[in-house]
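Take a look at the structure below.
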Amino acid sequence: MASSLDEAAVQNRLGGSTAILAMSGMWVMFLAGGIWFSRRVLFRDLPLSSSSAVTLAAGGFSLSLSLSGLLILLLGLQLAPVVDAHARMVAWNTCLSGILLMVYVLLPISLLIIACPRRSHSSSSGGSTAVKGSSLPHRVQLLCCGGLALYIVFWTMKQSSGFLLSTTGSIGVVLVAIVSGYGAVKFPYSNISRLMNPVTRMQLREQQKRLLHTLQLIGERKRAVLLERHNRASGLSAAPGRAKGYVSSVLGWILGGASEGSSEKDMLYEIEALESMSSEMYTSLENLTEERQRVLYSTTRIGRIKNLWGWIMSLVCCYKIITSSRNFIKGNVTDRSLIERVLRAAITYTPLEIDVQYWLRLLTVLFIGYLAISNTRNCISQLLSIFRLLQPHAGMESSQKTNAAIAIIMAQMMLLYFCTCTLMMRGALPLNSRARIELERFFGDKVDFASMQLRFDCTFAIAACVSAALLALQWFYRRATTKRVLKTA
């Protein structure tokens, strides 16, 4: 009996070690994907060997991306019981410890290393004197950076893991709520066909004809100016004799030079006005072409599916805004998820006979997977857009340092985002499910889920309402601009 129990324990231990090795292999794959993403997408304009700051930033971003992917994988394994509970606990502890180490120690110290100035060397005597005279401020800066790095390390070691995790959740929940509020409004705005400006093919052709006619007028005016200058130069050179040429030029200047100069100046002003008009018409044509492509895409099968999904997500967004506002005003948090409420309503108000627990688990897994994929895509796309917007020209050393600093800040934001998303996805799990109970048992008193949910509800409602107002103003402006352009056509 004892031997059979020992064999079962050994088998369980081997299963746990196998699961840990498998998750370690997945983390290595995520790390390789992060390195590829850093080299081919994030720093595609910069070779990683061009600067140590760029190399450090690429390594920090790759490690942050791999930890974020491992966090999402652990959440999926929490829903599907295919891994031993002890192995999951070890993986959760390791992943969260790595995230806290990256957020509070490694990434801030990397940012300090990138921001720390380097001492320039000079071979000449005057240059060496200048370096010697400026060595004291440089050493002071190094001492300040080193002291700040040591303070970060000792402050992090002094705090408990629960305090660090709750601080991470408190800061990250604001970021998640802002991104979620904007995305919840932006997706229906971009995919519902009723919100698109109806642009026909004939209207697009008329705008193209107007642009071509304007370009032809610009070409004719420029050709007329060149011909006039050529005729004037050829007339002066064809006059026989120096004195006769001088007299004819003086008489031409007195009698007709002023009128010719004024006519040429008028044509140049007209060319300038036509060129500014053509640039505006080209921008309007580009916007109309984009609207026409959106209208054509909405008529396809995928466009119709996105249109239907946009209406569904608009209803979900309205429901989420109402419930978030109500929760924040009342100061309480609803325990049941949206999927559970829909299934309970389907059983109560319809004659359907369904297994609630089965469909609840299945729909929860699908919904969590959709949230994980959409959150990952939204986070990466938003970070890339911010990086491309703030990225300067990639030729100078200061520009490379700026790019590296932006990448480090992006990595920290990404870790905060995914860590908070994982904590917030607990609310999407069923109330008495095994995954939710294990997550609450694991985090324990480290995270105050109620205050985090209330902070998320408040920020989400404000972000969604502000995003809806801004997108509504954008829609009215685009509609008025399209009508004005088509009316003048």
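Structure above, values below:
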read-out: Neighbours by Cβ (under 7 Å, 6+ apart or cross-chain): first from the range 330-353, within 20 Å of Met424 (Cα to Cα); second modelled with pLDDT under 70 and among the hydroxyl-bearing types (Ser, Thr, Tyr); value: Ile339/Thr364
read-out: Residue in the range 197-204 that is at pLDDT 80 or above, over 30 Å from Trp309 (Cβ atoms) and surrounded by 12 or more Cβ atoms within 10 Å (Cβ to Cβ) present; value: no
read-out: Selection count where residues are surrounded by fewer than 15 Cβ atoms within 10 Å (Cβ to Cβ) and out of contact with any Leu (no Cβ under 7 Å at 6 or more places or on another chain), scope the range 276-291; value: 6
read-out: Index of the failed condition, Ser38 passing every other in (1) at pLDDT below 75; (2) under 25 Å from the mean Cα position of the chain (by Cα); value: (1)
read-out: Selection from the range 57-109 of residues that are free of Cβ contacts under 8 Å to residues at least 24 places away in the same chain and not in a helix (DSSP H, G or I); value: Val82
read-out: Filter result for Ile347 (surrounded by fewer than 16 Cβ atoms within 10 Å (Cβ to Cβ), at pLDDT 80 or above and of a type in the set (A, V, I, L, M)); value: no
read-out: Test: residue in the range 315-326 that is under 23 Å from Tyr477 (Cβ atoms), at pLDDT 85 or above and not small (Gly, Ala, Ser); value: yes
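The values are calculated or read from the model by the stated rules, or taken from the named source; none is laboratory data. Nothing here was measured: the structure is a model prediction, and the numbers come from that model. In this analysis, Cβ positions are derived from the backbone assuming ideal geometry, glycine residues included, and neighbour counts consider all displayed protein chains.
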